[in-house]
Amino acid sequence: MFLLYQWFYRHSQPQFHLPSRDYRRAISAFRVFAKNYRSVISFRPTMEPKKVQDSQVQLSQSMGITDANLAGAVHGGVIMKLVDTAGGIAAIKHAGGPVVTAAIDEMSFIEPVNLGDVVTLRASVNGVGRTSMEVGVRVESENVLTGETVHTST
């Protein structure tokens, strides 16, 4: 609320710096403004609660030669990019608008992903705060020839 007072104070009189008496006038003018336009200035979230199933995402992609590193396996950066993409889609579905990745707490590579494998990422929103959310992503790779599925990273 104080920031809105400051904004209204700065923008109410675009001249010079106002003395304290005019500052009090600006605050009272803002209170009248806020009282008349209470529906425009809302400090309470208006989102309805959502179920985990509403924002779950499953993303599958075949790993090719362009994804390989010098060891013949899939480069870890490719997997991290897919994790960020799947997590971002789940967050967008939950928030209903644009989101950004602020941080990744931990990325563990348990098993390597080989060329020709199909990587499946399952993302879901684990927790939601007022201005942030936590998204979990599970990565599995499947050998198409043998049908063997391995948990590769989280």
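Assorted remarks:
- Qualifying positions in the stretch 60-89 - closer than 14 Å to Thr152 by Cβ and in a strand (DSSP E or B): Ser60, Gln61, Ala73, Val74
- Considering each residue of the stretch 104-116 in turn, none proves to be of a type in the set (D, E, K, R), part of a strand (DSSP E or B) and open to solvent by 60 Å² or more (accessible area, probe 1.4 Å).
Listed here are the residues, each with its yes/no results for (1) open to solvent by less than 80 Å² (accessible area, probe 1.4 Å); (2) in contact with a helix residue (DSSP H, G or I) (Cβ under 6 Å, 6 or more places away or on another chain); (3) more than 15 Å from Asp54 (Cα to Cα); (4) among the polar types (S, T, N, Q).
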site	(1), (2), (3), (4)
Gly88	yes, no, no, no
Ala91	yes, no, no, no
Ala123	yes, yes, no, no
Gly129	yes, no, yes, no
Gly147	yes, no, yes, no
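- Only one of the numbered conditions (1) under 14 Å from Val137 (Cβ atoms); (2) buried (at least 17 other Cβ atoms within 10 Å of the Cβ) is not met by Asp67, and that is (1).
- Residues that are assigned to a strand (DSSP E or B) and polar (S, T, N, Q) within the stretch 121-154 comprise Ser124, Asn126, Ser141, Thr149, Thr152, Ser153, listed in sequence order.
The values are calculated or read from the model by the stated rules, or taken from the named source; none is laboratory data. Because the structure is a prediction, the values reported are computed rather than measured. For neighbour counting, all protein chains shown are included, and Cβ atoms are generated from backbone atoms with ideal geometry for every residue, glycine included. Remember, those area values only see protein heavy atoms, side chains included, never the ligands or the DNA or RNA. Shrake-Rupley method; radii C 1.70, N 1.55, O 1.52, S 1.80 Å.
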